[in-house]
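Encoded as structure tokens, the structure appears first; notes follow it.
The values are calculated or read from the model by the stated rules, or taken from the named source; none is laboratory data. In this text, all values refer to a predicted model and were calculated from it rather than measured experimentally. Positions of Cβ are backbone-derived with ideal geometry, glycine not excepted, and every protein chain shown enters the neighbour counts.
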């Protein structure tokens, strides 16, 4: 069967983490769910360091066992380095209840596991199928679809979820895009055979490093379980444009300028093409409409610095499944109160910390020598993805971060 047959309750655009989890949760509720994915899996994707909060959503979707069996790199925290300083947060020592460990994953493998699990649960997924138009009707939505085999067809559903990530299908088709208030940045990255034997390197943590001269330039090093790592650097578009050479030249030059990373990378093999993403921060006018909702990066993406993307995506999938179930059951949920506001609460928490990172406040907290264990556990919870825990004072009032930074500097 090359194209879907019949009509569907829900059509999901995109088979990434939010699409796979949302479709599985809705299938469990008894709906006929169709997922249309433009690419073919496995396919490369960025966002490889999961946060512990993700584990609860994977468990909710009955996908956790498959992920745990896949042999991904165990992760228990986040480490930071800057001008010879090194510190870390252990996610097992956090304020919020819930998972304190997770994995660092190659997304091609991870995303395929989730999509395969959704299919095994009865979700219909079609790869190489691209949504080209969205036509809202009185009681249904009609989508035009084009396949990579040059087939064109129409599919009908009662509701559409956009889980297309950076493809942002519905924001583009429905003119929902808004410019982000975050500065435009570029990330250059690749996968390497890392060959790191330095005893300071902790493979169970992501390492986030700050450039010695420019505090708004930072690096990630995400170890995988097979002796490989993801390595990348983020800087403003202006700064990156003014550097000479190819993307690989720029990446290697910036790595060499950091003491610890430069030493770690001495024997590393850059054996994979260098990739570059720019202008990724984005926002939308609304996360929902009469017959659609946006999930994860299709709605808003902040910045990769705290690896919040997959967590926000899975949180949106969990939230939307319950609200959409009530919507299709004619219970008339309040999408603003029950979906948009709760999702944005966590996003805004992350936003405060992202802005604090680039503004220097959060870096001053991270590298402070005078730390309070209880406050550290609260910060650790947010870095672990628990950005919706209103019991945490730094979630309830994220602006407390600025006061904390002043104390750390004092």
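Yes or no: segment 34-51 includes at least one residue that is modelled with pLDDT of 95 or more, part of a strand (DSSP E or B) and under 26 Å from residue 381 (Cα atoms). Checked segment 34-51: at least one residue is modelled with pLDDT of 95 or more, part of a strand (DSSP E or B) and under 26 Å from residue 381 (Cα atoms). The residues in segment 221-275 that are in contact with a helix residue (DSSP H, G or I) (Cβ under 9 Å, 6 or more places away or on another chain) and at positive phi can be counted, and the count is 1.
Being closer than 27 Å to residue 278 by Cα and at pLDDT below 95 is the filter; apply it to segment 149-167 and report the residue that is surrounded by the fewest Cβ atoms within 10 Å (Cβ to Cβ). Before you say what the answer is, go through the steps one by one.
Residues of segment 149-167 that are closer than 27 Å to residue 278 by Cα, as a first pass: 161-167.
Filter once more, keeping what is at pLDDT below 95: 165-167.
Details: 165: 23, 166: 15, 167: 20.
Ranking the candidates gives 166 first.
Surrounded by fewer than 20 Cβ atoms within 10 Å (Cβ to Cβ) and farther than 24 Å from residue 219 by Cβ, is that true of residue 320? Break it down into steps so the answer makes sense when it comes.
Working: surrounded by fewer than 20 Cβ atoms within 10 Å (Cβ to Cβ): no; farther than 24 Å from residue 219 by Cβ: yes.
Criteria not met by residue 320.
Would it be correct to say that residue 407 is modelled with pLDDT under 95 and either over 25 Å from residue 61 (Cβ atoms) or assigned to a helix (DSSP H, G or I) (or both)? For residue 407, the condition - modelled with pLDDT under 95 and either over 25 Å from residue 61 (Cβ atoms) or assigned to a helix (DSSP H, G or I) (or both) - is met.
Within segment 166-174, one or more residues are under 30 Å from residue 269 (Cβ atoms) and in contact (Cβ under 8 Å) with a residue 60 or more places away in the chain.
Apart from one condition, residue 254 fits all of (1) modelled with pLDDT of 95 or more; (2) surrounded by fewer than 16 Cβ atoms within 10 Å (Cβ to Cβ); the exception is (2).
Just one of (1) outside the structural domain of residue 135 (by TED's automatic domain parsing); (2) under 30 Å from residue 160 (Cβ atoms) trips up residue 268, so point out which. Residue 268 satisfies every listed condition except (2).
Could you go through segment 88-99 and let me know if any residue there is within 16 Å of residue 18 (Cα to Cα), in contact with a helix residue (DSSP H, G or I) (Cβ under 8 Å, 6 or more places away or on another chain) and surrounded by 19 or more Cβ atoms within 10 Å (Cβ to Cβ). No, every residue in segment 88-99 fails to be within 16 Å of residue 18 (Cα to Cα), in contact with a helix residue (DSSP H, G or I) (Cβ under 8 Å, 6 or more places away or on another chain) and surrounded by 19 or more Cβ atoms within 10 Å (Cβ to Cβ).
Tell me the residue from 288, 219 that is outside the structural domain of residue 23 (by TED's automatic domain parsing) and free of Cβ contacts under 8 Å to residues at least 60 places away in the same chain, please. Let's see the steps before the verdict.
Numbers: 288 fails: outside the structural domain of residue 23 (by TED's automatic domain parsing).
Unique residue meeting the criteria: 219.
Filtering segment 70-126 to residues that are under 19 Å from the mean Cα position of the chain (by Cα) and in a strand (DSSP E or B) leaves 73, 74, 75, 77, 78, 79, 102, 103, 104. Among the residues of segment 1-53, those identified as at positive phi and buried (at least 24 other Cβ atoms within 10 Å of the Cβ) are 14, 47.
Evaluation of residue 85 against the conditions (1) in the same structural domain as residue 316 (by TED's automatic domain parsing); (2) surrounded by fewer than 22 Cβ atoms within 10 Å (Cβ to Cβ) shows that the sole unmet condition is (1). What do you reckon, is residue 11 touching a residue at least 40 places away in the same chain (Cβ under 8 Å) and in a strand (DSSP E or B)? Yes: the conditions hold for residue 11.
For (1) under 16 Å from residue 266 (Cα atoms); (2) surrounded by 17 or more Cβ atoms within 10 Å (Cβ to Cβ), each residue gets a yes or a no:
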residue	(1), (2)
184	no, no
188	no, yes
191	yes, yes
198	yes, no
202	no, no
211	no, yes
218	no, yes
221	yes, yes
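Considering 334, 397, the condition of being out of contact with any strand residue (DSSP E or B) (no Cβ under 8 Å at 6 or more places or on another chain), modelled with pLDDT of 95 or more and farther than 27 Å from residue 216 by Cβ is satisfied by 334 alone.
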